[in-house]
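Rule-based calculations on the coordinates, nothing more; no lab input. Note that this is a predicted model, so its numbers are computed, not measured. Cβ coordinates were reconstructed from backbone atoms using ideal geometry, including for glycine residues, and neighbour counts include every protein chain displayed.
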């Protein structure tokens, strides 16, 4: 495992600590969720710039594995 050290405003730290967000499991969950969202956003951007006839089985599978709400947005264009 890697240890990181960051500087954040005191009020943000106090609020995050009060919400239980400064424990390793919570931070890991927040980071993984954000990475998942970024991957979905990248997929949507790619989808929006790609002609429909170019969709590969891999891209279709990625869309199918995304959340129902995101899948609806991706397919709606």
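Working ranking of peptides 41-48, 12-19 by packing, defined as the average number of other Cβ atoms within 10 Å per residue, highest first, is 41-48, 12-19. Hydrodynamic radius of the range 1-55 by the Kirkwood approach over all distinct alpha-carbon pairs: 14.0 Å. Take each peptide in 28-36, 58-66, count the other Cβ atoms within 10 Å of every residue, and average; sorted highest first, the result is 58-66, 28-36.
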